[in-house]
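What follows is a short report on a single structure.
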Amino acid sequence: MKHREQIWERRVQLGAHPFAYPFITAVARRGPAVRVPGVGIVVSDPELARQVLLDHEGFRKDGPGSSGALWTPVLGPAVLLNMEGEEHRRLRTALAGLFTRAQATELCTRVLGPVLHAATERLGAGGAVDLVALTRTAAGTVIGELLGVTDAAGAEVFERGERIVRLVGLRTKELAPRQVARAKAVLAGLVTAAGEAYDRAEPDSMMGRLRGHGLDREQALGLAAAFLLTGTETVATTVPRVYAIWHDAGLLPALRAGLEEAGGTTFDAAIDEAMRVITPSPAMLRRAARPGRLGATAVREGDRVVIATARCDVAAGPFDPAAALGRCPAHDPKRLWFGAGPHYCIGAPLALAEIRVLMRALLTAGADRVVRRRVKRRVLIPTYARLEVAAHRGPSNHATLEVTAS
């Protein structure tokens, strides 16, 4: 019998991809790497996935069929997610100092204070908070601060990124010219504000660092747009699902009690175990640059390789509360949901800092029940459309019904 968190995660996945999710699940049963006509070679095994991600010369992010080819017309040719080789390494080096755990935590704590204050006050007064709306605003606020887009509200920054991501599906190989034009139009206002930050050349800002490392204005703006796309949707879709899994597995009281544990190891383990199961980015794309093999499957030069990350990460099993609480060794996916090798997500420390700050605030405020929830349908990244949470206020509140309509 499936546990409650498994049932809800399946609903979230099926809501987003009612046909693709069962299809990819069926493909995974056929083998660790399977050639699917019209799709590419689908990799569902974590070790084969790591093999692909670490071999950046044999499996590239640029060229036809790759994620780079999808976004280059919108963002330009030099935005990390479509780069390889020395230029890619140089750009990552330029940005690395912005994404240490300490700096990411300081940034998120500082800019999310006002956003979280209203939410925690509402929880303290016995009201409910929609965690989906809260995290959308929070993610937009953080990335806006990072890019120097401080005049736009966090919800507006997120909404612009979401409108662009909606143009892409799991089967999308390239954007049509009208889609490219639409995406550029959506980005225009935010890119203008980021351009002003570039002109100010503040040395401790992301745009100032890019200018200081020799990127021209157009390159820097393309990279800013890339961070807008990748730095909002992932966090905003992850936090409600992490909370829901903790709630459904009955972990919230233990996690709240252990918040002050030395080093925060239990808290971090619980985040990692939840992210392993939900896998915010359900797939990663590469282009085979040379012939070879993936397991028993022959690879031809030019093949599109689809890493089914969502399947790879759950290969070790369903959500494990003991691993989440640090009572046993965690599964060992080595954070595959953030990638591996030279393209390991440079913004991972920032994403994790946002998640930690948000979840810590919710736990501290006593948010320990789901009032109602609804999954989001037909979207690229599975998530909830609404997840209202509240804090218990006395024994009478324990009788409050949880609405579970999907």
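The values are calculated or read from the model by the stated rules, or taken from the named source; none is laboratory data. What you see is a predicted model; the values in this text were computed from it and never measured. All Cβ positions, glycine included, derive from the backbone under ideal geometry; neighbour counts span all protein chains shown.
For the stretch 280-298, a tally of residues being out of contact with any helix residue (DSSP H, G or I) (no Cβ under 8 Å at 6 or more places or on another chain) and surrounded by fewer than 22 Cβ atoms within 10 Å (Cβ to Cβ) returns 8. For beta carbons closer than 6 Å, sequence separation of 6+ or different chains, a first residue in the stretch 113-136 that is without any contact (Cβ under 8 Å) to a residue 12 or more places away in the chain and under 11 Å from Ala390 (Cβ atoms) and a second that is among the β-branched types (Val, Ile, Thr) and outside any helix (DSSP H, G or I), the qualifying pairs are Arg122/Val129.
Looking across Arg327, Arg393, Arg335, Arg356, one residue alone is within 15 Å of the chain's Cα centre (by Cα) and at pLDDT below 90. It is Arg335. Test Pro282 against the criterion of being modelled with pLDDT under 90 and within 25 Å of Gly38 (Cα to Cα), and give yes or no. Yes, satisfied.
Elements of the type helices (runs of 4 or more DSSP H) sitting completely within the stretch 187-266 and holding at least 2 residues that are in contact with a Lys or Arg (Cβ under 7 Å, 6 or more places away or on another chain): these cover 217-248.
Let's see how each residue does on (1) at pLDDT 75 or above; (2) buried (at least 23 other Cβ atoms within 10 Å of the Cβ); (3) in a helix (DSSP H, G or I):
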site	(1), (2), (3)
Thr141	yes, yes, yes
Glu145	yes, no, yes
Ala155	no, no, yes
Leu170	no, no, no
Lys173	no, no, no
Gln179	yes, no, yes
